[in-house]
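Asker: Please read through the structure below; I'll follow up with questions.
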Amino acid sequence: MAGRNNVVLVDADNTLWDTDTVFQNAQLLLLDRLESATGRNTSDVERLDFVRSYDQALARTHHLHLRYPPQLLVRAVEAALSDVPKYLAAQKAISGDHSAVNGKLSQVEVDAIVAEYLLALGHVPTLLPGVEEGVRRATEAGLELFVMTEGRIDKQRRFLEIHGLEPFFKGVWEITKERAQFDRIRVRFKERQVVIIGDQPDRDIAPAKAAGCTTILVPSRFKPSWQNAVDDPVPDYVGTDFLDAIRWCLRAGFMEADPA
């Protein structure tokens with residue numbers, strides 16, 4: 001194990017960079033394309049909330065949760081434009097039952113919308129405020145930074161490289177964010193303090209806190225409907241941005257570990 005410095009694991013999406021805006025633009029594009037293809041429009045003034053309500057219904061219904069196939073979102077929103085309620089639309093999209101849809105789209109049309117949606121999701125997100133300075137300060141203080149993700153490692157590495165942050169991170173880990181995984185991380189770094197910085201109370205904070213990690217929540221703008229503030233775990237600190245989180249680490253003494 002190289003070095004004795006303390007460890008900071010960072011959830012990149014909506015903590016280092018603004019993934020929420022990328023999804024927002026892609027989901028609104030999907031809705032625009034579906035309205036054009038079907039000739040039907042939503043009367044919902046909050047267009048993003050309209051799409052996201054069906055997205056979250058799919059995530060709560062599908063066994064892959066947020067990793068459900070994107071064509072299901074196209075089919076669910078298509079059903080929504082025929083006034084099918086969100087959970088029924090999600091169930092019908094998953095089962096392949098399109099009987100409730102008026103003049104359903106062909107598979108070729110669905111595939112074209114999915115392709116455009118995925119292209120929009122591939123756009124490089126912008127860095128969030130305070131990230132560059134926060135990364136620099138953490139490195140200067142001797143903290144070892146790692147990215148933790150439930151997404152694709154190659155995608156996160158590419159974003160780190162594009163933003164010039166790759167040299168500051170010791171690695172990118174694809175992990176399942178559950179207590180057992182954080183328990184293993186605590187064992188791996190048993191002689192060091194482990195700090196977890198993330199934007200989701202249920203995925204980033206709760207399992208890490210249960211494993212005995214120090215936790216810092218940097219809340220993102222988007223909060224899924226299944227998150228209940230009453231049930232949210234209390235992190236060790238709530239930061240305004242990544243720089244604020246690192247400043248708290250340094251004030252709290254999470255610098256180079258004392259020798260054994």
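Asker: Over all distinct Cα pairs, what is the inverse of the mean 1/r for the range 126-196, reported as the Kirkwood hydrodynamic radius in Å? Please list the in-between numbers first.
Answerer: Working: mean 1/r = 0.0750 Å⁻¹.
About 13.3 Å, per the Kirkwood formula over Cα pairs.
Asker: Note down the net charge around Ala37, summing +1 for each Lys or Arg and -1 for each Asp or Glu among other residues with Cβ under 15 Å from its Cβ. Mind dumping the intermediate values first?
Answerer: Working: positive: Arg33, Arg40, Arg75, Lys104; negative: Asp32, Glu35, Glu78, Glu109, Asp111, Glu116.
Around Ala37, the charge tally is -2.
Asker: Based on DSSP H assignment, which helices of the chain show an axial Cα extent of at least 20 Å together with a mean Kyte-Doolittle hydropathy greater than or equal to 0.0?
Answerer: On the way: long enough: 19-38 (28 Å, 0.06); 47-61 (22 Å, -0.57); 107-121 (21 Å, 1.24).
Span-like helices, by this rule, are 19-38, 107-121.
Asker: Shifting gears a bit: So which of Lys155/Lys190; Lys92/Lys223; Lys104/Lys155 end up more than 31 Å apart, counting from Cα to Cα?
Answerer: Details: Lys155/Lys190 29 Å; Lys92/Lys223 25 Å; Lys104/Lys155 34 Å.
Listed pairs above 31 Å: Lys104/Lys155.
Asker: Which Rg and Dmax, in Å, describe the Cα atoms of the range 1-106?
Answerer: 17.5, 63
Asker: Evaluated at 25 °C with a viscosity of 0.890 mPa s, what Stokes-Einstein diffusion coefficient in µm²/s does the chain have when Rh comes from the Kirkwood expression over alpha-carbon pairs? Working shown, then result.
Answerer: On the way: Rh = 19.9 Å.
My calculation gives 124 µm²/s for D.
Asker: What full-extension length gain, to one decimal in nm, is calculated for Ser43 and Asp232 as 0.36 nm per residue of separation minus the Cα-Cα distance? Please report the intermediate quantities before stating the final value.
Answerer: Working: separation 189, 0.36 × 189 = 68.04 nm, distance 3.34 nm.
Net length gain for the segment: 64.7 nm.
Asker: Rounded to two decimals, what is Rg over Rh for the range 63-155 when you use alpha-carbon atoms and the Kirkwood radius? It would help to have the intermediate numbers written out before the result.
Answerer: Working: Rg = 19.7 Å, Rh = 16.5 Å.
Over the Cα atoms of the range 63-155, Rg/Rh equals 1.19.
Taken together, the values in this text are just the output of simple stated rules run on the coordinates, not laboratory data. This one's a predicted model, so the numbers in the text were calculated from it and none came from an experiment. So basically every Cβ, Gly included, is an ideal-geometry build from the backbone, and we count neighbours across all protein chains shown.
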